[in-house]
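Visitor: Dropping the structure in here first, questions after.
The values are calculated or read from the model by the stated rules, or taken from the named source; none is laboratory data. Just so you know, these numbers come straight off a predicted model, no measurement behind them. Cβ placement follows ideal geometry from the backbone for every residue including glycine, while neighbour counts extend to all protein chains displayed. Note: areas computed on protein heavy atoms with side chains; ligands, DNA, RNA excluded. Shrake-Rupley method; radii C 1.70, N 1.55, O 1.52, S 1.80 Å.
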Amino acid sequence: LLLEAGRKQLAGKAYDGARSDLVRAYFLALAAANRGQAAASQLAAEALTAIESLHAARVAQWKQDLPGLSTKLHLVLRDASLGQAFEAIAKASELNIRLLEGSLDDACQMLACGEARTTYLDLSGVTAADALDWLLQPLRLAWFPQPNRNGAQLILVGSDRRMPIDGRGAVLADA
């Protein structure tokens, strides 16, 4: 049901609601698959494919709205904490990146890691948007551009459960 609801919202271009439903469908199906329900694996794969397609479409739009996301980087990250990696990407692209409190703990608990670090990541010639994806997707973290109170663009980074959303699934501007 969640997968179908997400697909309907996606068709209606209600992207925030679609993402919320698709992510929930993915994690519920994955949990069911891990409990031995074979059909749930296919459902999880379909939800993940829809999430990836949605993200690609949104990133293309965000790059038009926020030119800093299209900035080609000339960075190589070596043995960097996630905070250091954000600082390097933010400086190179002139973006303001904010990690939501508790999100790293969420990622480390889900992935059974001690500390979120990158040992080596070559970002030479990739866009800031791609760099965020490459850094965050393995940690199951997401990012969204968001205007803040003074109208400047802010990139919010966090786990899905920490993202500030209203009842319609939209990220709140005051986050």
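Visitor: Considering only protein heavy atoms and a probe of 1.4 Å, how much of the accessible area of the chain is carbon and sulfur, as a whole percent?
Guide: Accessible surface attributable to carbon and sulfur in the chain totals 52 percent.
Visitor: Still on this structure, please answer the following. Can you give the calculated 222 nm mean residue ellipticity of the chain, where each DSSP H run of n ≥ 4 adds -39,500 (n - 2.57) and the sum is split over every residue, rounded to the nearest 500 deg cm²/dmol?
Guide: Taking each H run of at least 4 residues, the total per residue is -16500 deg cm²/dmol.
Visitor: I've got another one for you. Taking K and R as +1 and D and E as -1, what net charge do the other residues with C-beta under 10 Å from the C-beta of Ala25 add up to?
Guide: -1
Visitor: To continue, here is another question. Near Lys8, which lysines are there with a Cα under 30 Å away, not counting those fewer than 8 places off in the same chain?
Guide: Lys63
Visitor: Sticking with this structure for a sec: Using the heavy atoms of the protein chains alone and a 1.4 angstrom probe, what is the accessible area of region 1-51 per residue in square angstrom?
Guide: Computed with neighbouring chains in place, this is 60 Å² per residue.
Visitor: In addition: Counting only C-alpha contacts under 8 Å and six or more residues apart, can you give the relative contact order of region 1-50 as a whole percent?
Guide: 34 percent
Visitor: Ok, one more. Can you tell me the dipole magnitude for the chain around its Cα centre, using point charges on the Cβ only (Lys, Arg +1; Asp, Glu -1), in Debye to the nearest 20? List each step's numbers first, then the result.
Guide: Values: 18 positive and 19 negative charges, 59 e Å.
Approximately 280 debye in magnitude.
Visitor: Shifting gears a bit: With label points built 7 Å along Cα→Cβ from the Cα atoms of Leu48 and Met110, find their separation and express it in nm.
Guide: Those two pseudo-labels are separated by 1.3 nm.
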